[in-house]
Each structure stands twice: as structure tokens, then as C-alpha cells.
Amino acid sequence: MKAIQALYEAHKIAFSPFVFQTVNCMYAFNVFEELFAVKNGLSLKEISEKTAVSLYGVTVLIEMAEMADIVKQKETGFYTLTDIGYFLARDEMTRVNFNFTNDVCYNGLFNLKEAIRDGKPAGLKVFGDWSTVYEGLSQLPEDVKKAWFEFDHYYSDNSFDDALKIIFKSNPASIFDIGGNTGKWAIASTKYNNNVQVDMFDLPGQLAVAKKNIDSITDIKDRVHYNEIDILNPSTEIKGGADVYWMSQFLDCFSENEIEMILLKIKKNAKKDATIYIMETFIDNQTFPAAAYSLVATSLYFTAIANGNSKMYSSSVFKYILDKAGFECVNEYHLHQDSFHTILEVKLK
Ligand SMILES: C[S@@+](CC[C@H](N)C(=O)[O-])C[C@H]1O[C@@H](n2cnc3c(N)ncnc32)[C@H](O)[C@@H]1O
């Protein structure tokens, strides 16, 4: 890279929040939708008229967006979306990631330095006085909660169809869903199979939401059971009896030592022939650079806001911890069709 180009790239970083907030305004004022709707572009005056934003406001936003290659000016003088602008306007994953960054992470990231120094989610204080985001999840402001759940569900929901086929290969009678959250998996699995019993394990706030979601579904509600647990509390146990343990996007919420401790907790009471399925978005299993980029950035959400000590992992790290805790990975499924997930099928050694 030539020095002049490197200087330009460095300046993009120095001014990156300006671009981010420009995009935020373009969403809020409907500029993307107006530009998307027309083929030959719009003048600044037309954008101003259509969005009811002042000509001054539209001008500063569009000038920044042009610099960032989000819009381009045609010979006619009219502005249209570039390919990058198209993805910002229309791609669901980009939208979910953008809202998560804006609503959940943006303010808290100011405390990243403190979080890294102290190993605590110092940015969480913008929302409340909790030691981890999970304690406060059900009490977050509505827009923050919406962005958090859309982010979480976007990544897990797309994988459930494939996951159900894999997990039910062995026709389990009992599944323990550890970190079951709002009950999406409990609902999907009990609807998929009419006999299976599902035990959810999670913090009380999340289980209360799950119960509310499940109690209204008559044909499954009696087959879902709720187990309140703070899995990090050394005095808590995970009872035995499950054919299958299911942990989806759960273990990445913890540090390496904590993951080992959770696995040992499962091992203590697990049946010898139980199968543990771990579904994760591993950094080293991604096909698209945008996916690996998102995951590495998500690690900093864990650092600054979620709990201060977890991250998105590579599968090699998980396999090392599994081995150390007395488990072996017997199968690995890559769900790359519309999904970024890997499922590790794990047995006791
Ligand atoms: C990222 S969500 C994953 C939810 C769901 N399994 C999915 O795939 O969408 C992590 C879940 O772990 C739960 N969790 C986090 N810390 C916990 C703890 N100390 N004890 C029990 N559950 C915990 C959270 O409440 C949350 O429901």
C-alpha cells in the first residue's frame, strides 16, 4: 500500500464514527429507502423534499456518504446507492449488526479501555447496575432489548432446521437446553417431535420470559420444564438423566476456565452415553470475510458490555477445552447454508 493510501485508510479509521452516525441518520430519515426506490437517482433537493430533512442536513449527510462510498453522484448530478449502499439498505444481516452496534454497544464501547484493564464489562453501566448483561437482559430498555434479541435470534434461528435433523437422528427422549433463553429451541424441538421432554436451564429472568412464551402453546407446554440456575455459582448442579445436552450460542458467553467448569458440571451427573451438542459460530469456520469480521467485533461486545471475560472462539480452542474436561468431539457439522454455525457432537471419553 502506498503511503498516501495508508494515510487515507488511517483517516477513515480516525473518522469512522462520523460515517457510522451518518448511516444511522440515513436510516432514521428514510434516505436509504428513497434512494433505493428510484432508478436514476435523486438530487439533494429531491432527497430533502422526500425526507423532510433540511437541504443543509441532506447535504452534509450525502457528502459524507459519498466519501464513504455509500452513494455516488451520476453525471446528471443525481445521487444513487453504490453496492455498499445497497447492502446497508437491503441486507438483513447488515441491518441486524448495525442495530446491535448502535443500540446495544455504541455508548458502552466508550468504556472498553476500563473493561480491558479491569476484566469487567465497564460499558454495561450505561444500562444498569448489573455484573453481567444476562442479569439485566429482561429489564433492558425496549429498543436495546429488541436489537439484542434480533442479533441473538438472527444467528441461531437460521440454524435450527438443520440442527433439529442432526439432534433427532438418535431420537432422544430427553433434551437439556442449557442457556435456553426465551424458549425458541424448546418450542422448535417439542414441535418437531411429539414425545421429547425438554428441560431448560437459565437465569430466572430469561426463564420467566420463556415460560410466558410457551404456556400459551397447549400441545407442548407440559413437555417443557424450567430449571433456574446460575451456572457460574459453584454450589449449583446440573442434574443427570438427559439423552442430549444442547448448548447453542451459550459457551461463548464464558471465559475458557468457566467453559471447562461448565463442562465438568455436566459431566458430573451425565449418563455415560449422553451426547452433548454445541452449536457455535466459530471464527475459524467462516467462509465469508464479513462473517469473521463480525465475530471478532462481537468479542469486544462481550468485553465491554456482556461480562468482561468472554469472546467468540475458534473451534480449536473449544476442542482443547473439551479434551481437558474429559470429552471428545466425535462429529463436526458445518451448517453453511444460510448459516454460519458449526455443531460439535461430543461424547464423554
Ligand atoms: C447468547 S444467549 C443464547 C440463547 C440461545 N441458546 C440461542 O441459541 O439463541 C446465552 C444464554 O445464556 C444464559 N446465561 C448467561 N449466563 C448464565 C449463567 N451464569 N447461568 C445460566 N444461564 C446463563 C443467558 O441468560 C442467555 O439466555
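The values are calculated or read from the model by the stated rules, or taken from the named source; none is laboratory data. This one's a predicted model, so the numbers in the text were calculated from it and none came from an experiment. Here Cβ is always computed from backbone atoms with ideal geometry, including for glycine, and neighbour counts include all displayed protein chains.
Screening Trp185 on (1) away from the ligand (no atom under 11 Å from the Cβ); (2) not in a strand (DSSP E or B) shows it passes everything except condition (1). When Asn195, Asn158, Asn213, Asn181 are checked against the criterion of being over 23 Å from Glu280 (Cα atoms), among the polar types (S, T, N, Q) and within 23 Å of the chain's Cα centre (by Cα), a single residue qualifies: Asn213.
When the residues of segment 273-324 are filtered to those that are small (Gly, Ala, Ser) and under 25 Å from Ser131 (Cβ atoms), which remaining residue is surrounded by the fewest Cβ atoms within 10 Å (Cβ to Cβ)? Give the derivation first.
Just the residues of segment 273-324 that are small (Gly, Ala, Ser), to begin with: 274, 290-292, 294, 297, 299, 304, 306, 308, 310, 314-316.
If we keep only those that are under 25 Å from Ser131 (Cβ atoms) too, we end up with 297, 299, 304, 306, 308, 310.
Numbers: Ala297: 14, Ser299: 16, Ala304: 25, Ala306: 27, Gly308: 21, Ser310: 21.
Filtering first and then ranking leaves Ala297.
For segment 156-179, a residue qualifies if it is within 8 Å of the ligand (Cβ to nearest atom) and either touching a Phe, Trp or Tyr at 6+ places or on another chain (Cβ under 7 Å) or outside the structural domain of Phe282 (by TED's automatic domain parsing) (or both), and the qualifying residues are Asp177, Ile178, Gly179. Looking only at segment 200-213, residues that are crowded, with 21+ Cβ neighbours inside 10 Å and away from the ligand (no atom under 12 Å from the Cβ) come to 0 in all.
The listed residues are Lys39, Lys113, and the only one of them that is assigned to a loop (DSSP other than H, G, I, E, B) and either more than 30 Å from Leu295 (Cα to Cα) or in the same structural domain as Ser294 (by TED's automatic domain parsing) (or both) turns out to be Lys39. Out of Lys113, Lys169, Lys165, one residue alone is more than 30 Å from Val196 (Cβ to Cβ) and modelled with pLDDT of 95 or more. It is Lys113. Confirm whether Asp162 is surrounded by fewer than 16 Cβ atoms within 10 Å (Cβ to Cβ) and part of a helix (DSSP H, G or I). Here the answer is no, as Asp162 does not meet what is asked.
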